[in-house]
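J.: One structure, as structure tokens, below. Some questions next.
Please treat every number below as a calculation from the coordinates, not as lab data. What you see is a predicted model; the values in this text were computed from it and never measured. Every residue, glycine among them, receives a Cβ derived from its backbone with ideal geometry; neighbour counts consider all protein chains shown.
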Amino acid sequence: MAGQEFDDLVETFGFLDDWEDRYRHVIDMGKAMPSLAENERVPATKVEGCASQVWLVPEIEGTGEAAVLRFRGESDALIVKGLIAVLQALYSGRTVAEARAIDAEAELGRLGLQDHLSAQRSNGLRAMVGRLREIAARA
């Protein structure tokens, strides 16, 4: 159910030799993301359940089931900012109907993330996925 951008990420992970290289790649993805404006880092955009500070700012284009979900995000932790970039590859540019149908656990499993993230990071990733599902459900 993943789009081309996420499939490309899975392919890139396949070329990287070990988890440390993949970890660095995720961090580099986060570093490449633009920062949110200070007025976007507010309680309404903050994701609860993350050990780090995380904000997700949704941008819905259109209406109904065909509305397209895009979002921007930021974190005070580099690896978490990279995980936001991974989620952008998975969710951004999809219709809200497609976003609701994504099996994030299975798709992220293709990257092997669960085997290498701490329990706190895994909980935070689940919280971010939960927020994105909530955003798609409300759109």
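J.: Go through region 73-91 and give me each residue that's within 9 Å of the chain's Cα centre (by Cα) and in a strand (DSSP E or B).
T.: If the condition is that a residue be within 9 Å of the chain's Cα centre (by Cα) and in a strand (DSSP E or B), then GLY73 is the only one that fits.
J.: Residue under question is VAL47, and the condition is that it be under 25 Å from GLU5 (Cα atoms), of a type in the set (A, V, I, L, M) and in contact with a Ser or Thr (Cβ under 7 Å, 6 or more places away or on another chain); does it hold?
T.: Working: under 25 Å from GLU5 (Cα atoms): yes; of a type in the set (A, V, I, L, M): yes; in contact with a Ser or Thr (Cβ under 7 Å, 6 or more places away or on another chain): no.
Judged against the criteria, VAL47 is not a match.
J.: Of the conditions (1) of a type in the set (A, V, I, L, M); (2) over 25 Å from GLN120 (Cα atoms); (3) surrounded by 15 or more Cβ atoms within 10 Å (Cβ to Cβ), MET33 satisfies every one except a single condition; which number is it?
T.: For MET33, the failing item is (2).
J.: Here's a follow-up. Counting only residues that are closer than 19 Å to TYR23 by Cα and free of Cβ contacts under 8 Å to residues at least 40 places away in the same chain, which one in region 67-87 is surrounded by the most Cβ atoms within 10 Å (Cβ to Cβ)?
T.: The extreme case among them is ALA77.
J.: Hey, among the residues in region 115-134 that are more than 14 Å from the chain's Cα centre (by Cα) and in a helix (DSSP H, G or I), which one's nearest to ALA77 (Cα to Cα)? First the steps, then the outcome.
T.: Step one: list which residues in region 115-134 are more than 14 Å from the chain's Cα centre (by Cα), which gives 115-120.
Cutting the leftovers down to in a helix (DSSP H, G or I) gives us 115, 119-120.
Numbers: ASP115: 19, ALA119: 15, GLN120: 12 Å.
Only one residue fits best here, namely GLN120.
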